[in-house]
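Chemist: Here it is, the structure in full.
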Amino acid sequence: MSIGAAQTGSRERLHVGVMTALEERILGGELKVGDKLSSESRIAEEFGVSTRSVREAIQALETKGLVQRRHGGNTTVVRQDVSEFISSLAVTVRQQMAAHPEYLEQLMGARRMIETEVIDLLVASETPVTEDVTQALRAMEKARDDGAFDAFVIADARFHLALVHASGNSILALMYENFANLITEMIEVSSRVPTKSLTEAYDEHEQIYDRIARRDGAGAKDLMREQIARSTEYLRIAAQTEREKKSNV
């Protein structure tokens, strides 16, 4: 295959064709994590382009996090698919949150965008609420009746994750899964500050559940936004309290 012959009129963009072809091989599994790419000269010969175009293509792949250039000129595949990229992104966000408390609110904003948009997919599907969503809500009900705060927090997080899974959008689900531990921690903090009864917390989720089940997407989205907005405000209170404690030490 000669990308050079196919793209004679736009030689400055030759590297894009090389990048796309190599990216497809990586994401498709033909090139696996740990595999070394062929030399720049061999790749250039294969695609009918200059070694400069190959270097530009590899640089673009490195920016995407799919390969890494090592000492000695070797280029190695470092990620196999989007899940590993998102997983490393979650680690980066956690590190940033440790250094910059405002990242908590930004993550809550990202959570709101995912969870509200998911509702549109749910109400348009054949089964707006799945068995996993129902089971999570029942687990919250039992934890409420038992006065079991920790169990309630776990079931709360399961409920939101189940909604995202039920949407059928695997990328959104993958993103949410990788941030799930951070979101669970935030749910726990926001549920404690200020004190909110488990009954109130359960009622919020039951109303969201009912509106999704009735395909009332607009109503469910309004409730979801309100719930996450309250949680964000509780996080602000918790962060302020923590800062005041440290300043008084």
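The values are calculated or read from the model by the stated rules, or taken from the named source; none is laboratory data. As the structure is a computational prediction, the values presented were derived from the model and not from experiment. In case anyone asks, the SASA skips ligands and DNA or RNA and just uses the protein heavy atoms, side chains included. Shrake-Rupley method; radii C 1.70, N 1.55, O 1.52, S 1.80 Å.
Chemist: Whenever you get a sec, line up 175, 19, 108, 113 from highest to lowest accessible area (probe 1.4 Å, protein heavy atoms). Each step should come with its number before you reach the end.
Modeler: On the way: 175 60, 19 30, 108 0, 113 115 Å².
Greatest to least solvent exposure: 113, 175, 19, 108.
Chemist: Could I ask something else about it? What does the extension gain come out to for residue 76 and residue 36, with contour length at 0.36 nm per residue minus their alpha carbon separation? Before the final figure, lay out each step's value.
Modeler: Details: separation 40, 0.36 × 40 = 14.40 nm, distance 0.44 nm.
Residue separation times 0.36 nm, minus the Cα-Cα distance, leaves 14.0 nm.
Chemist: Now for a separate question. Can you give the accessible area of residue 13 in Å² (nearest 10), computed on protein heavy atoms with a 1.4 Å probe?
Modeler: So the heavy atoms of residue 13 present about 130 Å² to solvent.
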